[in-house]
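Okay, so here's the structure we're looking at.
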Amino acid sequence: MRCSIDLDCPGRREGFVQLNHSDNRHAYGVIPIPIGVVAADNDGPTVLLTAGNHGDEYEGIVILQRLFRDLDPSRIRGRIIIMPSLNLPAVRVYQRTSPLDGANMNRSFGAQDISGPTQEIAQFVEEQLIAQSDYAIDLHSGGKMCEFSPCGYIYAGGGRKRLQNKFNAAHQFGAKYTVVVEGSPGSLSAAGERAGVIMLSAELGGGRIRRENIELGYNGTVNALAGWDFLDHAPEETKTIFLRSRSASSSVMSSVGGVFEPLTDVGQQITAGDTVGRIYPLDALDQSVVTVNAQSSGVIIGQRTQACVQRGDFLLHLGESAEESELLHQSD
Ligand SMILES: [Zn+2]
């Protein structure tokens, strides 16, 4: 892959990362994935801002398209690299995963043998951009399948000092909640962890694009940039509440197929044993309705938006309350 612009010179430039790909639709061509840089004329840190990692999550694309146009190279410090539509083939067709190879970009980082265009993009981002970065923000949402209570996401690892820096970034991003997870090794956040980058991601709603989530993500990104000293003003004082999410106990899955009727909303606090929904049969009136109860207590961070479910589909994601000091202590 080749980048059409110089990322090192001062100023503002926009261009493309050229993904070579040949199939029925793209016979001999390249897929041009947009990239922009805004750089000051002094040496300073680098931040990478990304969205469109999943192709059906458009909130971050709006935020980074706006931010790229709003940033003034004469009023920043360091270098800000922006890729608003990271998995462009998926973004173009409103799909979470790539139509070219079916791959989920956020499981495609760190691959040993590159086997398709999604891993190629991930490899470029990890080796050419993350490797040069000190900080990174990756903007997500629930896309078509899920609505999130807008929140930050950070990985638990990295040792006390880096975790404290990630906590500070989460406070500056300023979402009501920030979820602390173990994470997946194939994600962009994991690539950030491998490179020692101070990395934050965010889930900005989902289901449909909402103005308040765009504002939260835009203001949060700007405030994090100010906190990292990229901008010519001080950050506002903002705070987040940390929640812990574990892969098994923090999800409520469907035990049967049918139609899911949710009885809760995102952001709601629930207690273990609470009824959170019902599942009705699709094709008969003589079968019983299944009541869904939560197995653990917490805040509903994400909730399914599509009603039709199969056995094993996720219904809810929960965040359990966790003290910042306790999370830091566990990282020692
Ligand atoms: Zn996503």
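The values are calculated or read from the model by the stated rules, or taken from the named source; none is laboratory data. Predicted, not measured: the structure shown is a model, and the values here were computed from it. No Cβ is skipped: glycine too gets one built from the backbone with ideal geometry, and neighbour counts run over all protein chains shown.
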So the check is Cβ under 6 Å with 6+ separation or different chains; which pairs have a first residue in the stretch 140-166 that's on the phi > 0 side of the Ramachandran plot and a second one that's assigned to a strand (DSSP E or B) and within 13 Å of the ligand (Cβ to nearest atom)? Gly143/Gly206
Here is a check on your reading of the model: is Leu71 in contact with a Pro (Cβ under 7 Å, 6 or more places away or on another chain) and either more than 16 Å from the ligand (Cβ to nearest atom) or in the same structural domain as Gln303 (by TED's automatic domain parsing) (or both)? no
For the stretch 141-177, which residues satisfy the criterion of being outside any helix (DSSP H, G or I), more than 16 Å from the ligand (Cβ to nearest atom) and surrounded by 24 or more Cβ atoms within 10 Å (Cβ to Cβ)? none
Condition first: closer than 23 Å to Gly116 by Cα and in contact (Cβ under 8 Å) with a residue 60 or more places away in the chain. Now tell me which residues in the stretch 25-54 satisfy that. Ile31, Ile33, Thr50, Ala51, Asn53, His54
Filter the stretch 180-206 down to the residues that are within 13 Å of the ligand (Cβ to nearest atom) and under 15 Å from Ile137 (Cβ atoms) and list them by number. Ser187, Leu188, Ser189, Ser201, Ala202, Glu203, Leu204
Taking the stretch 93-124 and the residues there that are in a helix (DSSP H, G or I) and within 16 Å of the ligand (Cβ to nearest atom), the one that is surrounded by the fewest Cβ atoms within 10 Å (Cβ to Cβ) would be Arg107
Criterion violated by Gly257 - all others in (1) in contact (Cβ under 8 Å) with a residue 12 or more places away in the chain; (2) in the same structural domain as Gly142 (by TED's automatic domain parsing) satisfied: (2)
Checking the condition within 15 Å of Ile35 (Cα to Cα), in contact (Cβ under 8 Å) with a residue 24 or more places away in the chain, away from the ligand (no atom under 16 Å from the Cβ) and among the β-branched types (Val, Ile, Thr), which residue from Ile63, Ile82, Ile76 passes? Ile82
How many of the residues making up the stretch 44-62 are in a helix (DSSP H, G or I) and in contact with a strand residue (DSSP E or B) (Cβ under 6 Å, 6 or more places away or on another chain)? 2
Would you pick out the residues in the stretch 14-24 that are within 25 Å of the chain's Cα centre (by Cα) and free of Cβ contacts under 8 Å to residues at least 60 places away in the same chain? Glu14, Gly15, Phe16, Gln18
crowded, with 21+ Cβ neighbours inside 10 Å and touching a helix residue (DSSP H, G or I) at 6+ places or on another chain (Cβ under 8 Å): which single residue out of Leu216, Leu243, Leu204 fits that description? Leu204
Of the listed residues (Gly273, Gly267, Gly257, Gly227), the one being among the small types (Gly, Ala, Ser) and either in contact with a helix residue (DSSP H, G or I) (Cβ under 7 Å, 6 or more places away or on another chain) or within 16 Å of the ligand (Cβ to nearest atom) (or both) is Gly227
Yes or no: the stretch 221-242 includes at least one residue that is under 21 Å from Glu326 (Cβ atoms), assigned to a loop (DSSP other than H, G, I, E, B) and without any contact (Cβ under 8 Å) to a residue 12 or more places away in the chain. no
Residue check, Ala248 among the aliphatic types (A, V, I, L, M), loosely packed, with under 12 Cβ neighbours inside 10 Å and over 18 Å from Pro150 (Cα atoms): yes
